[in-house]
Each structure stands twice: as C-alpha cells, then as structure tokens.
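Inspection log for the structure reproduced underneath, given as structure tokens.
The values are calculated or read from the model by the stated rules, or taken from the named source; none is laboratory data. If you're wondering where the values come from, they're calculated on a predicted model, not measured in any experiment. For neighbour counting, all protein chains shown are included, and Cβ atoms are generated from backbone atoms with ideal geometry for every residue, glycine included.
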Amino acid sequence: MEMYKKFKKAIDQAQNIVISTHLFPDADGIGSEISLCLALNKFGKNAICCNQERLLERYKYLDPQDLVIGLEDLEERYPQKPDLVIVVDTNTVYRTGERFREYVEEQGCPVFYIDHHPCAESLQDDNCIDTTAAATGQLVGELIKLLGIKFDQEIALPLYTAILIDTSSFRYPTVTAQTHRLIADLMDTGIEPPLAYNGIYGTKKIEHMHLLGNVLASADCNKSEEIAWLVLKREEMEKFNIDIEDTHAFINHLLILDNIKVACMFRDEGKQLKVSLRSTGVVDVGLIAVQLGGGGHSHSAATLINKSDDKSLEEIIKATVERIENCLSNV
Ligand SMILES: [Mn+2]
C-alpha cells in the first residue's frame with residue numbers, strides 16, 4: 001500500500017493522537033513531530049507531542065505553541081486516552097525510552113511509525129518507512145501535503161530544520177530533486193535559509209571553538225588517505241563542558257579531504273568507544289557499521305566498541321581502522 005494510504009488509514013481511525021520520537025532526540029525527530037502535530041491539529045485531530053524527556057531549551061524556538069511535553073507533564077496537559085501513538089524518526093518503541101514504552105503499552109492503542117532507518121520488511125509494509133528518504137522530516141512534509149494541509153511558517157521551519165540537520169546541510173547522497181522541491185514549498189511560506197541555519201547551528205559558545213580546535217588537531221588518516229578519523233577524548237569533553245549533541249557535526253570536517261571515502265570519529269564514553277562513520281557517497285558505511293556490530297544509513301552510521309583494560313585507546317583505534325580498511329578492500 002502506498003505511504004499516504006497507510007498513514008490516512010491510521011489517522012482516520014483516531015481522534016486523540018500522541019506523537020513521540022526517540023530518546024536524545026535530534027532536530028529531525030523534534031522537527032518532524034512538531035510539524036506533524038500542527039498539521040494534524042489543523043486537520044481536526046486532537047494531537048500532542050510527548051517525549052520521555054522534556055524538550056531541551058535549545059529546541060524551544062521550533063515549538064512556539066509549546067506542543068512538545070515531557071512524559072511527566074502528560075497527565076496534566078493531555079488527560080485524554082490516545083487512540084493512536086505515532087512515533088517518528090525511529091521504528092521501535094524501545095527507542096522512545098523505557099518509561100514511554102510502558103506508557104504506550106498501558107494505553108494498548110496502535111503504534112504507527114514514520115521513519116527512514118533500516119528495519120524489517122514486514123514493519124515497512126505496515127508503516128510509513130522509507131529508508132531512502134533524506135530525513136523523517138521529508139516523509140512528514142510529503143504526508144502533510146497529501147493531507148491537503150497548507151504549509152505555514154510554523155510548520156515549515158521545523159521541517160526545514162529537520163531536513164537540514166539530517167542531510168548535514170544538503171550534502172548527502174540521500175538528497176534528491178524531490179527533497180529540494182519540498183524545500184522550495186517550505187520556503188514559499190517565507191522562511192529563509194539563514195533563519196533555519198542560524199537557529200540550529202549558530203548557538204555555540206567560544207569553548208566550542210577551542211574543543212573543535214583540539215579535536216581537529218587529532219585528525220589522522222591511513223596510508224591511502226581514504227579513511228580519516230578524529231578522536232574526542234573524555235578529558236576534553238569535561239574540560240570544555242560541551243554537550244555531546246554539539247560534537248556530532250565535527251566528523252563532517254573530514255569529508256573535505258581529497259581522497260576521503262570513510263570519515264570516522266572515535267568518542268571515548270568510558271567503558272565504550274562510540275565510532276561514528278560518514279561516507280562521501282562512494283562507500284556504504286551502513287554495511288561497515290554492521291560488520292563492526294552497529295548499523296545505520298549508507299552515508300551515516302555508527303557502532304559501539306567495548307574498551308578492554310589491556311588495550312589502549314590508540315590500539316583500539318588502530319585495530320578498528322584496520323577492520324574498516326579490510327571492509328574497503330572487499331568491496
Ligand atoms: Mn532522521
């Protein structure tokens with residue numbers, strides 16, 4: 001069944017709709033839920049966004065109507081029993097958080113997913129999941145158009161931001177003419193790129209520059225210069241007092257190297273090492289991440305590696321780069 005029909009069928013059977021997204025939500029999750037909520041309310045539904053945690057201060061400019069609440073505020077703000085829960089930007093209720101999952105189970109209502117992350121085909125059949133979509137925001141934008149709801153600036157800014165973030169400013173191979181057509185429709189409401197860009201990126205303090213300087217100084221590459229990496233040490237995170245959120249884009253700096261195929265960032269999380277991978281579009285880093293025990297998109301993926309006491313950080317990084325090299329030579 002085509003996307004829109006599945007979506008329409010799900011919402012036709014519901015009046016009270018709770019929309020949620022994954023834990024530690026990014027601008028794609030948040031932007032998608034806010035715009036969807038505004039559109040569904042315009043469509044005559046009684047919708048609200050509820051995440052396990054309250055919305056972080058930095059995202060509040062995307063939510064002037066205060067539609068995104070934390071689970072602790074749900075009973076007071078939205079006493080109705082939902083007849084549908086829509087989860088955006090992930091395809092398992094487990095990723096919404098333990099307490100939110102319990103809430104959903106207590107309601108016993110259907111859960112509908114709108115997402116672009118890889119998952120089992122049976123799940124894709126019953127939900128709006130398109131793993132080729134540049135962002136969940138793109139799927140939500142298309143669904144809103146098909147609902148016949150006109151974009152206004154309040155709907156457009158969160159969606160524009162969602163797509164901007166998930167494409168790292170329109171640079172990934174997932175960006176299509178269709179993406180830009182939707183962006184054009186969003187811009188027709190009067191929102192402009194600097195507004196969206198500065199709102200989400202132009203928020204850093206000077207400590208951010210100092211940390212970025214240190215991290216960029218750690219840049220290294222393998223012999224062929226096809227794999228390059230950055231290291232984010234725990235001491236540095238603590239010293240500069242930076243949100244992990246703010247370090248996600250550091251890895252993209254590597255993508256301007258001339259021979260680069262795979263960019264990596266190693267972030268020391270104590271017991272584990274988070275390995276983020278980005279591709280210039282030649283190599284599927286989602287497949288490499290699977291080889292390393294993780295997963296993700298073809299252009300952006302990640303895995304966690306357990307640290308052991310008998311190996312130094314440098315040794316683990318060296319071994320991981322070698323494994324990535326092996327993956328490259330096998331394609
Ligand atoms: Mn996304």
For the range 164-188, pairs from a residue that is at pLDDT below 95 to a residue that is away from the ligand (no atom under 16 Å from the Cβ), with Cβ under 6 Å and 6 or more apart or across chains, are Pro173/Gly281
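Could you grab me the full set of residues in the range 82-99 that are out of contact with any strand residue (DSSP E or B) (no Cβ under 7 Å at 6 or more places or on another chain) and either hydroxyl-bearing (Ser, Thr, Tyr) or within 16 Å of the ligand (Cβ to nearest atom) (or both)?
If the condition is that a residue be out of contact with any strand residue (DSSP E or B) (no Cβ under 7 Å at 6 or more places or on another chain) and either hydroxyl-bearing (Ser, Thr, Tyr) or within 16 Å of the ligand (Cβ to nearest atom) (or both), then Thr92, Tyr94, Arg95 are the ones that fit.
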Of the numbered conditions (1) without any contact (Cβ under 8 Å) to a residue 24 or more places away in the chain; (2) touching a strand residue (DSSP E or B) at 6+ places or on another chain (Cβ under 6 Å), Pro79 fails exactly one; give the number of that condition.
(2)
Filter pass, Gln107 being under 18 Å from Phe43 (Cα atoms) and either at pLDDT below 95 or surrounded by fewer than 20 Cβ atoms within 10 Å (Cβ to Cβ) (or both):
no
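Looking at the range 131-139, can you tell me whether even one residue there is farther than 30 Å from Ile256 by Cα and either in the same structural domain as Ile191 (by TED's automatic domain parsing) or more than 15 Å from the ligand (Cβ to nearest atom) (or both)? Quick ask: steps written out before the conclusion?
Filtering the range 131-139 for residues farther than 30 Å from Ile256 by Cα gives none.
Among the residues of the range 131-139, not one is farther than 30 Å from Ile256 by Cα and either in the same structural domain as Ile191 (by TED's automatic domain parsing) or more than 15 Å from the ligand (Cβ to nearest atom) (or both), which makes the answer no.
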Out of the residues in the range 122-166 that are in a loop (DSSP other than H, G, I, E, B) and among the hydroxyl-bearing types (Ser, Thr, Tyr), which is farthest from Gln178 (Cα to Cα)?
Thr131
Is it true that Ile69 is assigned by TED's automatic domain parsing to the domain that holds Asp125 and within 16 Å of the ligand (Cβ to nearest atom)?
no
Per the filter on the range 6-56, residues within 16 Å of the ligand (Cβ to nearest atom) and either outside the structural domain of Ile165 (by TED's automatic domain parsing) or aromatic (Phe, Trp, Tyr) (or both) are Phe24
